[in-house]
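The values are calculated or read from the model by the stated rules, or taken from the named source; none is laboratory data. All values derive from a computational prediction rather than experimental measurement. Cβ atoms come from the backbone with ideal geometry, glycine included; neighbour counts cover every protein chain shown. To get the accessible areas, we keep the full protein, side chains included, count just its heavy atoms, and leave off ligands, DNA and RNA. Shrake-Rupley method; radii C 1.70, N 1.55, O 1.52, S 1.80 Å.
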Amino acid sequence: MTPEQFSGQGNNYDVVTMNMKCMGNTFEAKDIQAKLNEKGSEGMTLVHMYQDTQVGGCGRKVTLIMIFKY
C-alpha cells in the first residue's frame, strides 16, 4: 500500500492503493479495515473508494483505490 498525497482548492487528499495478490480473487477485509481505521485515527475522512482492473503480468491486476480528505 503506497499513499500519494494531492492538494486541491484548499482541501488535501491522500490516495491509498491496495493491490490484490497475484492469482487472488478477493481483498482481505481485515487489511481494508486496518487501513480505514489507521487513516481515521489520523483525522482523515474516506470520501471515495473504488476498484480498478487492468491486464497485467499475472493476468488481471485488480487494485482497490481509497481517497481520504484531511
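Residues that are in contact with a helix residue (DSSP H, G or I) (Cβ under 9 Å, 6 or more places away or on another chain), open to solvent by 70 Å² or more (accessible area, probe 1.4 Å) and polar (S, T, N, Q): does the range 28-46 have at least one? The answer is yes; a qualifying residue exists. Within the range 25-36, residues that are among the basic types (Lys, Arg) reach partners that are open to solvent by less than 90 Å² (accessible area, probe 1.4 Å) and not in a loop (DSSP other than H, G, I, E, B) with beta carbons closer than 7 Å, at six or more positions or on different chains, in the pairs LYS35/VAL16; LYS35/MET18; LYS35/MET66. Applying the set (1) in contact with a Phe, Trp or Tyr (Cβ under 8 Å, 6 or more places away or on another chain); (2) at pLDDT below 95; (3) open to solvent by less than 40 Å² (accessible area, probe 1.4 Å) to TYR70 leaves exactly one unmet item: (3). Within the range 1-21, residues that are modelled with pLDDT of 75 or more and assigned to a strand (DSSP E or B) reach partners that are acidic (Asp, Glu) and open to solvent by less than 60 Å² (accessible area, probe 1.4 Å) with beta carbons closer than 7 Å, at six or more positions or on different chains, in the pairs MET18/ASP31.
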